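The block underneath contains the structure these notes are about, expressed in structure tokens.
Any read-out appearing in this document is the output of simple, stated calculations on the displayed coordinates, not a laboratory observation. On a predicted model such as this, the values are computed, not experimentally measured, just so you know. In this analysis, Cβ positions are derived from the backbone assuming ideal geometry, glycine residues included, and neighbour counts consider all displayed protein chains.
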């Protein structure tokens, strides 16, 4: 975590405006919010020696996507002494170019929606937050201890895991070597560099169809490759199949990605075997789904065969005091609106658990 003037010394977030500024020992510091500024003023020396921090909270929320941010807001509404830990604020939703039918919006981009989430967290319902990665969650006598990459240790009787998912890889020759040299796991901002070129999109779900459509509109010659039938929204499937500059290959798999310094093609073949064919493309966008980020709690919780945390109807995991929300769970429907709702539910359930602990009464929890 840097102490550069462009970064908040309390939470580590990069600051893009100068609304909250203070001077300490002749140096100026900027903050992401009035809340972080207030924490700094209470004990500047502590905040500047943030690495290796030790602290105890009522609740620690792990993850900065829609589930984690919503859980943080609902923890604030319950006046819980809570901390949000995340590598960044936004999660996978930041990379989503179009979000349909989120309540209050017919169509909104991921950055726009997450900007609203962040504003609510930082300005309206502030709770403490740190940009840091949780490496492990362990049981201790009075709850849980969380160890972070920056060497910090936090303890709490209740924890919410809202760490989301990471993109699945093809694991074929050339994939890792040509990453950022034509291989990408999301639509990059400089899409115009591929305008008019031949490109491939791998993945027949909503993300793959969305990527193929965006590239088609740029005038790219697109080959959409899916290991089975297309499974996105029916209207989007019809549009991508009707596009004159798009070829859809279903029941095909990628055998290898070719190129030395840059992608110059890939080899594909029918599922179950068959003759390989070479596609002359300059970029490959891989959109084949996600795997849950459960490494930090894997030894503690029950997970299904997909690695997702099994939860009850109150978002409780298999250990009292541990909750999970969003795409990291076995909950039905991987949608931003569902993740946000689960974040609220998990925070409300965690609040009940914490207050029961504080009052010495029993709290019923467990998957049901």
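One chain, two ends: residue 18 and residue 195. Fully extended at 0.36 nm per residue, the span grows by 60.0 nm beyond their Cα-Cα distance. Springs between Cα atoms under 10 Å define the GNM used for the chain, and in it the highest mean-square fluctuation of 283, 158, 339 occurs at 283. Residues considered: 16, 79, 150. Largest GNM mean-square fluctuation over the chain, using C-alpha springs under 10 Å, is found at 16. Dividing the Cα radius of gyration of the chain by its Kirkwood radius returns 1.02 for Rg/Rh.
Between residue 138 and residue 233, the C-beta separation translates, for a Förster distance of 45 Å, into a calculated FRET efficiency of about 0.60. Counting every other Cβ atom within 10 Å of each residue's Cβ, 118, 305, 168 order from fewest to most as 305, 168, 118. Counting only alpha carbon atoms, the long axis of helix 206-217 and the longest principal axis of the chain meet at about 60°. A helix-only calculation puts the chain at -7000 deg cm²/dmol for mean residue ellipticity at 222 nm, using -39500 (n - 2.57) for each DSSP H run of at least four residues, averaged over all residues. A convex hull fitted to the Cα coordinates of region 1-50 yields 63 cubic angstrom per residue. For the pair residue 176 and residue 218, label points projected 7 Å from Cα toward Cβ lie 2.7 nm apart.
Computed extension gain for residue 116 through residue 261, at 0.36 nm per residue and net of the alpha carbon distance, reaches 48.2 nm. Its relative contact order, with pairs defined as Cα atoms under 8 Å and 6+ residues apart, puts region 183-288 at 33 percent. Across 319, 286, 336, mean-square fluctuation computed from a Gaussian network of the chain (C-alpha pairs under 10 Å connected) peaks at 319. Across the chain, C-alpha contacts under 8 Å between residues 6 or more apart give a mean separation that, scaled by the residue count, equals a relative contact order of 17 percent.
Between 0 and 90 degrees, the angle of helix 110-119 with respect to the longest Cα principal axis of the chain falls at about 10 degrees.
In percent, rounded to a whole number, the relative contact order of region 1-50 is 35, using alpha-carbon pairs under 8 Å and six or more apart. Taking label points 7 Å from Cα along the Cα-to-Cβ direction, residue 302 and residue 51 give a separation of 4.2 nm. Against the chain, whose longest principal axis is taken from its Cα atoms, helix 66-77 shows a tilt of about 20°. Taking the three principal axes of the alpha carbon atoms in region 183-288, the coordinate ranges are 32, 32, 23 Å, sorted in descending order.
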